[in-house]
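Read through the structure below, which is laid out as structure tokens, and then see the notes.
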Amino acid sequence: MPLFALVDGNSFYASCERAFRPDLIGRSIVVLSNNDGCVVARSAEAKALGIKGFVPFFEIREMCERHGVTVFSSNYALYGDMSRRMMQVIGSWGIEQEVYSVDESFITLDGIADLKDYATRLRADVLQRVGIPTCVGIGPTKTLAKLANHVGKKFPKAAGVFSWDWLTPEWRDKLMARIEVGDVWGVGRRIAEKLGTMGIHTALDLQRADPRDIKRRFNVVVERTVAELNGISCLALEDVAPNRQQIIASRSFAELVGDVDTLASAISHHACRAAEKLRQQQSEARMVGASVRTNPFRERDAQYTGWIVVPLIHPSADSTVIAHAALAGLHAIYREGISYKKAGVVLTEIGPQGLEQRDLFAPLPDPRRAKVMAVMDRVNAEYGTGCLAGAGVGGLDGFQLLCGQPLPCFFCAHGVLISCSFSANGLLMLCS
Amino acid sequence: MITAFFCPDASPPRLAIPVFTSLVPAGFPSPADDYLESVLDLNALLIADPPATFMVRVTGDSMVGAGIGSGDILVVDRGLTPAHGDIVLAIVDGDFTVKRLHKRGTRIALIPENKAYNAIELHDGQELQVWGVVTGCVKQFKQASR
């Protein structure tokens, strides 16, 4: 039976900074958000000082000065590069890999006799080659792997590696009973509150809940979480429902793809789908990741996994902005002469729309773009997904079109929509 | 001293440059005979382990004897285990330094390649911290103009 491992970087942004600052080994570090507004990452030492995450910097400035905490502005280009390195090394330890966020990755393991030794060597490899300390959680399902990772972090005795297999059923229950239900992957604050009213407070409570009851009161996603907690694997790699932290849109090709144009078409399509999901939840993303990979089961083929994170100047939910970033990423990771099986887009650093402060020196995003997106979403809601898309987005050149009745409607990728009219035959015409 | 870290291109395009394999370009036969015999990709030449390879610019003259001058860019591989005789990017008192590693018997030291500097001896209980092993040095005599 395959096992899942979730490997993530400890205090990732802070660790990235520290990798190049040996004078800060063992010292407190905090990293601030864009424009130095609030704390987005803290080293373990900073957490020990009592500095909380996502607090405004002015609230802790004095404390930082008093304790000699080193404060960094966020450097997303650095974190993107270190993420790419870390993911590449982690990927070499698994059969398959899913890059889940900038600092988290699932891998599948199979047939490893000594898991503790294997995971310990994995950690040592990432630490030596990239300089980032990690934590490894192992379980028979993704949800249990994620929870094992949580345990590996919370309990110093685990030394950064934990697998549920190492405990007797009795101890497993005792540990599960100590984990709040809100710490289970996929259980957000609102679901946790509702579960609380049903007397379900811990991971153990949820594991023992009646799946049919859960499905009736919530949905199939939470029901699946219950099954996963019981060791029944429901989520394959890359099969995760979107949440607020990150949005993935990726798909395998029916046939292997070698040319950059087909990949670009797929990446644009995924970028637009991801951006649409982003707008549905009224969010914006700051980082756009693009990934391509070969088929790991064709062992004779040259294997390659390309992954890059492209930071945006302004957080955005604009399909065009996100597609442009994803395509720039694709061109950086694309290699000729390789047959690709899969391409995808991952949006991370997601926050609510309009809360971010703007960069003083970069031109502001055109406010009319939001209206274009709103029109596009309304049309797509009515006529089917992908019905209206930006020019250059997949559909025409060999990539599967999702829309049932393909309509040749495009808007100019860099133009501004001035008018829009529906012609009698149902074709949508947009003029820029 | 390290003045800058560089991020090597994530997936650089292969830039194949033909190599002359005839070592003596004098007389007969023409060196161009072997012109297309082999090609050289500088990235492949310099970088064995891409996720573990970093580039740094150095200043100072403590390693001139090893051919490392001020302003050169060093290729540093974090994945290699440092051995006696390797040039290493080490950490001394929280600062980066480039020196040759001496590791024989009980003596562990970081040796400069310039008589004007003293070796850094590591004493009992002092842990040697090596950030990475220097595998190459990029020296530019003239900025390539574009």
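Structure notes:
- Simple label model, 7 Å out from Cα along Cβ direction - A:W166 to B:H84, nm: 3.7 nm
- Per residue of B:77-89, other chain Cβ atoms within 10 Å of the residue Cβ number 1 on average.
- Amide H contacts under 5 Å for B:S70: B:G60, restricted to partners 5 or more places along the chain or on a different chain, H placed in the peptide plane at 1.01 Å from N.
- Those residues of segment B:61-102 whose amide nitrogen sits under 19 Å from the label point placed on B:A119, 7 Å along Cα→Cβ: B:62-67, B:82-93, B:97-102
- Note on segment A:1-152: Cα-Cα pairs beyond 28 Å make up 25% of the total pair count.
- For segment A:142-276, the Kirkwood hydrodynamic radius comes to 17.0 Å, computed from all pairs of different C-alpha atoms.
- Extent along the principal axes, Cα only, for segment A:230-294: 40, 33, 16 Å, with the longest axis given first.
- Applying the criteria of a DSSP loop state and at most 14 other Cβ atoms within 10 Å to the chymotrypsin sites (Phe, Trp or Tyr not before Pro) of segment A:1-93 yields A:F54.
- Evaluated at q = 0.12, 0.17, 0.21 Å⁻¹, the base-10 log of the normalised Debye intensity for segment B:60-146, with identical point scatterers placed on the Cα atoms, takes the values -0.37, -0.70, -1.03.
- Relative packing of A:366-375, B:71-80, A:173-182, which averages over residues the other C-beta atoms within 10 Å, highest first: B:71-80, A:173-182, A:366-375
- The magnitude of the dipole of segment A:179-296, with charges of +1 and -1 set on the Cβ of Lys/Arg and Asp/Glu and taken from the Cα centre, is near 420 debye.
- Checking every one of the chymotrypsin sites (Phe, Trp or Tyr not before Pro) in segment A:213-318 against DSSP loop status and a limit of 13 other Cβ atoms within 10 Å picks out A:F297.
A short reminder: the numbers here are calculations on the coordinates, not readings from a lab. Just so it is clear, the model here is predicted, and its values are computed rather than measured. Ideal geometry is used to build each Cβ from the backbone, glycine not excepted, and the neighbour counts take in all protein chains shown.
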